[in-house]
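After the structure tokens below, expect a handful of questions from me.
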Amino acid sequence: MTADTLTTTGRPGARTPGRFRRSLAARQRGELWGFLTPAIVFFIVFFLFPLGYGVYMSTTNFTTGTFITGRAPFVGTANFEAILSEPITFRALANTVTITVVSVVVELVLGLLLALLFARRFPGSRWLPTLILLPWLLPAVVVATVWKSLLAGDGPINDVLGSLGLPAEAWLANPATALPAVIVVAVWASLPYWATILGAALKQVPAEQLEAAQLDGAGAWRRLVSIVLPTIWPVISVLVVMSVVYTLLIVDLVLVLTAGGPANSTVTLGLLSYRQAFQQFQFGLGGAYGMLLLGISILFAIVYTVMSMRQERDE
């Protein structure tokens, strides 16, 4: 037996290279699962379990009595048939889609304009973007309460209109103006977030490409369409998805502003789910409205994914 062999295998407790690699791989797997386990537990407890329980509730006659007896008779699709037979469901669906589409489009356009404005240097350009974040940091209930007082019949907005010789309007009490008023408040609350994220994305646009395009005679609109928008498009697409899902689930803003009135002109699917679950204590029907919202969100996600895959394939 040579001296080299004794060096690697002759001493008690000496490990061969193969055994060392196996122990290192096992330790790496342990570290990997150590980091993954909290995320997996969080996902199961706060996402999969509520989702599964919501599906269960939507297929049962789950009421306040269930908390006492522990019994919730299985009714299958009866809850879905019940909500789809109500005309108010389709009114709420139309309002939900209207609020979502109009809000996201307006937020995208105005947010991009604000981001482009803040990308320029002017007095206050450094601290103004931080200041406009304040509305987004406020809770939705606070935002809705403030705007409800502003839009009241004797509120400051009508006072300003009256001083300008313009007719006053009961913005939240008139079915014709209540829904646009809700959309305005929703846009006002989310616009700072859009402007901030898009402003950060604009900093990733290569300045060399913009300067070269300008030297070649490309105008501001051409540079925006051909260089800026394609560069920040991944950020815009993520913002659109997040905003669509968030706006589809809007409840607190509408609840405080109008409570779905007047004459259900501002009722949304999220608000109907709240009414059934926490006002009428029909948790099964409330769960059915929730699953309807989930289905719309999944449908949007599928459409978005297919369009993104086609765009990547065309490129």
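The values are calculated or read from the model by the stated rules, or taken from the named source; none is laboratory data. For clarity, every value in this text was computed on a predicted model and none was experimentally measured. Cβ: placed from backbone, ideal geometry, glycine included. Neighbour counts: every protein chain shown. Protein only, heavy atoms only, side chains kept; ligands, DNA and RNA dropped before computing areas. Shrake-Rupley method; radii C 1.70, N 1.55, O 1.52, S 1.80 Å.
So Gly155 clears everything in (1) closer than 22 Å to Leu257 by Cβ; (2) in contact with a Ser or Thr (Cβ under 7 Å, 6 or more places away or on another chain); (3) in contact (Cβ under 8 Å) with a residue 12 or more places away in the chain except one condition, right? Which one?
Among (1) closer than 22 Å to Leu257 by Cβ; (2) in contact with a Ser or Thr (Cβ under 7 Å, 6 or more places away or on another chain); (3) in contact (Cβ under 8 Å) with a residue 12 or more places away in the chain, Gly155 violates only (3).
I would also like to ask the following. Say we look at the stretch 265-281 and pick out the residues that are polar (S, T, N, Q) and part of a loop (DSSP other than H, G, I, E, B); which of these is most open to solvent (accessible area, probe 1.4 Å)? Give the derivation first.
The first filter runs over the stretch 265-281 and keeps only residues polar (S, T, N, Q), leaving 265-266, 268, 273, 276, 279-280.
Retained after the next criterion (residues that are part of a loop (DSSP other than H, G, I, E, B)): 265-266, 268, 280.
Values: Ser265: 6, Thr266: 0, Thr268: 0, Gln280: 108 Å².
So the residue we want is Gln280.
Can you name the condition, by its number, that Ala195 falls short on among (1) hydrophobic (A, V, I, L, M, F, W, C); (2) open to solvent by 30 Å² or more (accessible area, probe 1.4 Å); (3) closer than 24 Å to Leu128 by Cα?
Every listed condition holds for Ala195 apart from (2).
Could you check Ser190 against (1) surrounded by 15 or more Cβ atoms within 10 Å (Cβ to Cβ); (2) modelled with pLDDT under 85; (3) closer than 19 Å to Leu257 by Cα and say which number it fails?
(2)
Another question, then. Which of the residues spanning the stretch 133-168 are of a type in the set (Asp, Glu) and in a helix (DSSP H, G or I)?
From the stretch 133-168, those of a type in the set (Asp, Glu) are 154, 159; that's our starting set.
The one that is of a type in the set (Asp, Glu) and in a helix (DSSP H, G or I): Asp159.
Another one. Only residues in the stretch 95-107 that are in a helix (DSSP H, G or I) and of a type in the set (S, T, N, Q) count as the first member; pair them with residues that are surrounded by fewer than 16 Cβ atoms within 10 Å (Cβ to Cβ) and modelled with pLDDT of 95 or more, Cβ under 6 angstrom, at least 6 apart or cross-chain, and list the lot.
none
Could you look through the stretch 65-92, keep only residues that are out of contact with any helix residue (DSSP H, G or I) (no Cβ under 6 Å at 6 or more places or on another chain) and open to solvent by less than 70 Å² (accessible area, probe 1.4 Å), and pick out the one that is nearest to Tyr246 (Cα to Cα)?
Applying the first criterion (out of contact with any helix residue (DSSP H, G or I) (no Cβ under 6 Å at 6 or more places or on another chain)) to the stretch 65-92 yields 65-71, 73-78, 81-82, 84-88, 90-91.
Narrowing further to those that are open to solvent by less than 70 Å² (accessible area, probe 1.4 Å): 65-66, 70, 75-76, 78, 82, 88.
Details: Gly65: 32, Thr66: 30, Gly70: 33, Val75: 30, Gly76: 29, Ala78: 28, Ala82: 26, Ile88: 22 Å.
Among those residues, the one meeting the criterion is Ile88.
So, in the stretch 25-64, of the ones that are touching a strand residue (DSSP E or B) at 6+ places or on another chain (Cβ under 9 Å) and in a loop (DSSP other than H, G, I, E, B), which residue ends up least open to solvent (accessible area, probe 1.4 Å)?
Ranking the qualifying residues of the stretch 25-64, first place goes to Thr59.
May I ask you to list the residues in the stretch 74-129 that are of a type in the set (D, E, K, R) and under 18 Å from the mean Cα position of the chain (by Cα)?
Step one: filter the stretch 74-129 for residues of a type in the set (D, E, K, R), giving 81, 86, 91, 107, 120-121, 126.
Glu107 - this is the single residue of the stretch 74-129 that is of a type in the set (D, E, K, R) and under 18 Å from the mean Cα position of the chain (by Cα).
Sticking with this one: Scan (1) under 25 Å from Glu107 (Cα atoms); (2) at pLDDT below 85 for the single condition Ala218 breaks and write down its number.
(1)
Being in contact (Cβ under 8 Å) with a residue 24 or more places away in the chain and part of a helix (DSSP H, G or I) is the requirement here; does Ser243 meet it? Outline the logic, then answer.
Working: in contact (Cβ under 8 Å) with a residue 24 or more places away in the chain: yes; part of a helix (DSSP H, G or I): yes.
When the stated conditions are applied, Ser243 passes them.
Can you tell me how many residues within the stretch 142-155 are at pLDDT 90 or above and either among the charged types (D, E, K, R) or open to solvent by 60 Å² or more (accessible area, probe 1.4 Å) (or both)?
So the count comes out to 5.
Checking the condition out of contact with any helix residue (DSSP H, G or I) (no Cβ under 8 Å at 6 or more places or on another chain), open to solvent by 60 Å² or more (accessible area, probe 1.4 Å), within 24 Å of Ala140 (Cβ to Cβ) and outside any loop (DSSP other than H, G, I, E, B), which residue from Pro230, Pro180 passes?
Numbers: Pro230 fails: within 24 Å of Ala140 (Cβ to Cβ).
It is Pro180.
Looking at the stretch 247-264, is at least one residue open to solvent by 80 Å² or more (accessible area, probe 1.4 Å) and free of Cβ contacts under 8 Å to residues at least 12 places away in the same chain?
No: the stretch 247-264 contains no residue that is open to solvent by 80 Å² or more (accessible area, probe 1.4 Å) and free of Cβ contacts under 8 Å to residues at least 12 places away in the same chain.
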